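Asker: First the structure, which I've put down as structure tokens, then a few questions once you've had a look.
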Amino acid sequence: MRPSLLALSVSLALVLPARGDRYHPERGARPVAAGGSRAAAPDAAERAADYWYSEAFAAIDERLTEPTYDDVAKNVIMFLGDGLSVPTLAPARTLAGQRAGRTGEEERLSYEHFPVTGLAKTYCVDKQIPDSACTATAYLCGVKNNYGTLGVTAAVPRYDCAASTDAATHLDSIAAWALADGRSAGIVTSTRITHASPAGAYANIANRDWENDGEVRAAGHDPAQCPDIADQLVNSHPGNKFQVILGGGRREFRPNITTDEEGQPGRRWDGRDLVSEWRAQREEAGQWNAYVWNRTELLDAISNPPDYLLGLFEDGHMQYAAEARLAGNDEPTLAEMTEAAIRVLSKNPRGFFLFVESGRIDHAHHDNMPHLALDETLALADAVQRADELLPAASTLLVLTADHSHVMAYNGYSRRGNDILGVSDDIGDDDVPYMTLSYTNGPGYRDHVDGRRADVTSDNTFQAVAWQTHAEVPLESETHGGDDVAVFARGPAQALFTGLYEQSQLPHLMAHAACLGPAAQHRQLCSSASLTSPAAALLLTLVAALFRLQ
Ligand SMILES: *[C@@H]1O[C@H](CO)[C@@H](O)[C@H](O)[C@H]1NC(C)=O
Ligand SMILES: *[C@@H]1O[C@H](CO)[C@@H](O)[C@H](O)[C@H]1NC(C)=O
Ligand SMILES: [Zn+2]
């Protein structure tokens, strides 16, 4: 044995505890966690091997009887959880179960019933750990590019307005591919509609922050050369062809000399009201349209869906679902917006592409607020469930993924059913409790007191919905994580989504499933002129097979 290894083994022997091993020390769980733990007991049936055998056999049967959905997808809905990291998935389902009075860990959310899962690599061309702009370009345009840029290739450095005027750098999104095929397209988000994720569907811009012309001017550029994101949505292809636009962000559309429906000032410097421009364009083209700014109006509009629907429900981001519920105010839920979008887009017999984002999982994580992050994830699960109920799997591909990860950890050795938002059953070696969910960095850092961590359970607002859990490294805003994100798929060509791949493959996989865009050329089935008829597609496959036999 070499000396260094010998020294190591001696030191290991010295630190071995009396019970358990060094890596998994056995220590008594604390009887009742400080925050008032509410541990439901596991179902007694789980004590028998039979329970787990049956559970497995039912899952095998489900997989064996799962249809393969061989037709071309008529509709594609991409659901995005902004910042929905893999470590957010288990706590979110556990919270759902615990809210229903169960232990929670065994719960299954809507998208967790999807038959296929995969993993996507999220780095962008110039950054190890990405933002929502370069990832949106990857998962909507099918090309990786630079951090902070949208819908342009990596030939455009961030903030470089001049470089972005070269049309050769501009990318088309899957929403544009859908429109080019005669299908409808729409976007839904709980953030400003001009925020990075939804903007990936329609903007070509060197900086994600140029949401209104004032931002472009303040950066020293001419909006006539580099139009802002709101202007692109209303006046450029493909945004100006979207049948559904639902989210927040009225301020980006309104002049800074006026206030909006709820008294908030606009941010545009050019004096233009883009909501009026949107309406005027529709009227001029004789298109049946509606603009709505609250939930009541949205639900009214949807009782007889118009052909074009614009809904802007806040001046900035929409409220967190938990806050909107508490306030009992008039904001639609993500599920309601999703249903509204589906009702409008389904009027097109050729089908549609829809992008639905729960955008504030990311904001809650940045603030080290796990309760809100999990609640926003459950709002997304509700939206997926609504779509799943409204659209048959044989014709509609549903894909759910995240743009990037975060640095929340789900840690400790708590008993089954322990409050997912509570303290760990375990305690730090400093005798200070720690939370089951905490972060490696962010604003939740607390100064140490007498060399010990602060006891967060004594905070006045401990465990309030918007309570900030603890973090290791002090940072004004918690950072994204660089780990892979999950992909869940259900519907035509679902099997394509298995495996581990570049995030930029996603729109090509979706487009392949639906015979759209560049990927359609790679699929023999797509050469049929009448894709909307499954029978015609089948006939074409048979004819093609006959030719191969000759
Ligand atoms: C409002 O717009 C004008 C130009 O029309 C600009 O000079 C001014 O700085 C803007 N105000 C704010 C608060 O952005
Ligand atoms: C919703 O919008 C309509 C139309 O502007 C308005 O009449 C109604 O008062 C609004 N409802 C709420 C709750 O703000
Ligand atoms: Zn973020």
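Asker: Could you give each residue of region 183-191 its phi-based ³J(HN,Hα) in whole Hz, using Karplus coefficients 6.51, -1.76, 1.60 with θ = phi - 60°, and x for Gly or Pro?
Answerer: 8, 8, 9, x, 9, 9, 8, 9, 9
Asker: Right, next: Calculate the dipole size of region 237-385 relative to its Cα centre from +1 charges on Lys and Arg beta carbons and -1 charges on Asp and Glu beta carbons; express the result in debye to the nearest 20.
Answerer: With Lys and Arg at +1 and Asp and Glu at -1, about 520 debye.
Asker: Right, another one. Under the rule of -39500 (n - 2.57) per DSSP H run of 4 or more residues, summed and divided by the residues of the chain, what mean residue ellipticity at 222 nm is obtained, to the nearest 500 deg cm²/dmol?
Answerer: Here the helix-only value at 222 nm equals -9000 deg cm²/dmol.
Asker: Something else about it: Using +1 at the C-beta of Lys and Arg and -1 at the C-beta of Asp and Glu, which of ASN348, LEU312, PRO332 has the Cα lying farthest in the positive direction of the dipole of region 285-362?
Answerer: The listed residue farthest towards the positive side: ASN348.
Asker: Just need the relative contact order of region 274-313 here, percent rounded to a whole number, with Cα pairs under 8 Å and 6+ apart.
Answerer: 42 percent.
Asker: Moving to a separate point now. Taking the Cα atoms only, what angle lies between the long axis of helix 534-549 and the longest principal axis of the chain, rounded to 10 degrees?
Answerer: Tilt of helix 534-549: around 90 degrees.
Asker: Next up: Students often check this: by mean Cβ neighbours within 10 Å, which of 124-137, 408-421 ranks highest, and how do the rest follow?
Answerer: Numbers: 124-137: 23.5, 408-421: 18.5.
Going by the mean number of other Cβ atoms within 10 Å, highest first, we get 124-137, 408-421.
Asker: Let me ask you something else. What angle, in degrees between 0 and 90 and rounded to the nearest 10, separates the Cα long axis of helix 334-345 from the longest principal axis of the Cα atoms of the chain?
Answerer: Approximately 20 degrees, to the nearest 10.
Asker: Sequence-distant or interchain residues sharing an amide H contact under 5 Å with SER424, placed H: which?
Answerer: TYR434, MET435, THR436
Asker: Oh, and also: Treating only the Cα positions of region 224-284 as identical point scatterers, give the base-10 log of I(q)/I(0) from the Debye formula at each q in 0.13, 0.15, 0.22, 0.29 Å⁻¹.
Answerer: Rounded to two decimals, the profile gives -0.33, -0.44, -0.94, -1.34.
Asker: Using 0.36 nm per residue of separation minus the Cα-Cα distance, give me the extension gain between GLU284 and ALA219 in nm, one decimal.
Answerer: Stretched out fully, the GLU284 to ALA219 stretch lengthens by 20.0 nm.
Asker: If each residue of separation counts as 0.36 nm, what is the full-extension length gain between PHE57 and ALA394 once their alpha-carbon separation is subtracted? Each step should come with its number before you reach the end.
Answerer: Values: separation 337, 0.36 × 337 = 121.32 nm, distance 2.48 nm.
Contour length minus the Cα-Cα distance gives 118.8 nm.
Asker: Output the peptides 212-220, 455-463, 393-401 sorted from most to least packed, where packing is the average of other Cβ atoms within 10 Å over each peptide's residues.
Answerer: By packing density, highest mean first, the sequence is 393-401, 212-220, 455-463.
Asker: Another question, if that's okay. With axes computed from alpha carbons, what is the tilt in degrees of helix 370-390 against the longest principal axis of the chain, rounded to the nearest 10 within 0 to 90?
Answerer: 50
Asker: If a/c stays under 1.5 just call it rounded; otherwise compare a/b with b/c (prolate if a/b is bigger, oblate if not). Do that for region 271-331, with a ≥ b ≥ c from the square roots of the Cα gyration tensor eigenvalues.
Answerer: Cα axes put region 271-331 in the oblate bin.
Asker: How would TYR51, TYR202, TYR434 line up from fewest to most surrounding beta-carbon atoms within 10 angstrom?
Answerer: Listed from fewest to most nearby Cβ atoms, that is TYR51, TYR434, TYR202.
Asker: Cβ neighbours within 10 Å, averaged per peptide: list 464-475, 251-262, 66-77 in order, most packed at the top.
Answerer: Order by mean packing, descending: 66-77, 251-262, 464-475.
Asker: Go through region 168-174 residue by residue and turn each phi into a ³J(HN,Hα) via Karplus (6.51, -1.76, 1.60, θ = phi - 60°); whole Hz please, and just put x for glycine and proline.
Answerer: 5, 8, 7, 10, 8, 9, 4
Asker: With a ≥ b ≥ c the root eigenvalues of the C-alpha gyration tensor of region 172-307, is it rounded (a/c under 1.5), prolate (a/b larger than b/c) or oblate?
Answerer: Judged from the Cα gyration tensor, region 172-307 comes out oblate (a/c at least 1.5, b/c at or above a/b).
Asker: Compute the Cα gyration tensor for region 59-148, then decide on rounded, prolate or oblate, letting a ≥ b ≥ c be the square roots of its eigenvalues: rounded whenever a/c is under 1.5, prolate when a/b is larger than b/c in the other cases, and oblate in all that remain.
Answerer: Details: a/c = 2.70, a/b = 1.34, b/c = 2.02.
Verdict is oblate for region 59-148.
Asker: If you take every DSSP beta bridge whose two residues both sit in the chain, what share of them, in percent to the nearest 5, is antiparallel?
Answerer: 35
Asker: Can I ask one more? Pop out the ³J(HN,Hα) list for region 74-85 in order, Karplus 6.51 cos²θ - 1.76 cosθ + 1.60 with θ = phi - 60°, rounded to Hz; leave Gly and Pro as x.
Answerer: The phi angles translate into 7, 10, 10, 10, 9, 9, 10, x, 5, x, 6, 5 Hz.
Asker: Of the options THR149, LEU84, SER173, report the single residue whose Cα projects farthest towards the positive end of the charge dipole of the chain (beta-carbon charges: Lys, Arg +1; Asp, Glu -1).
Answerer: SER173
Asker: Under a 5 Å amide H to amide H cut-off, with H placed in plane at 1.01 Å, what residues pair with ARG446 once short-range neighbours are removed?
Answerer: Under 5 Å from the amide H of ARG446: ALA471.
Asker: So how much slack lies between GLN521 and ARG99, counting 0.36 nm per residue of separation and subtracting their Cα-Cα distance, in nm?
Answerer: 147.1 nm
Asker: Size of the dipole of the chain about the Cα centre, Lys and Arg at +1 and Asp and Glu at -1 on the beta carbon, nothing else charged, in debye to 20?
Answerer: About 1180 debye.
Asker: Using the count of nearby Cβ atoms within 10 Å as a rough guide to exposure, how do TYR23, TYR53 rank from fewest to most?
Answerer: Exposure proxy ranking, most exposed first: TYR23, TYR53.
Asker: Right, something else. How would you rank CYS161, CYS141, going from fewest to most other Cβ atoms within 10 Å of each one's own Cβ?
Answerer: If I rank by nearby Cβ atoms, fewest first, I get CYS161, CYS141.
Asker: Another one. Average projected area of the Cα convex hull of the chain, in nm²?
Answerer: Numbers: hull surface 133.2 nm².
Over all viewing directions, the chain projects a mean Cα-hull area of 33.3 nm².
Asker: Would you grab the residues whose amide H sits under 5 Å from the one on ALA402? Only those 5+ places off in sequence or on another chain, please, with H modelled 1.01 Å from N.
Answerer: GLY81, ALA486
Quick note: the coordinates plus some simple rules give every number you see, no bench work behind them. Please read these numbers as outputs of a predicted model, since none were measured by experiment. Positions of Cβ are backbone-derived with ideal geometry, glycine not excepted, and every protein chain shown enters the neighbour counts.
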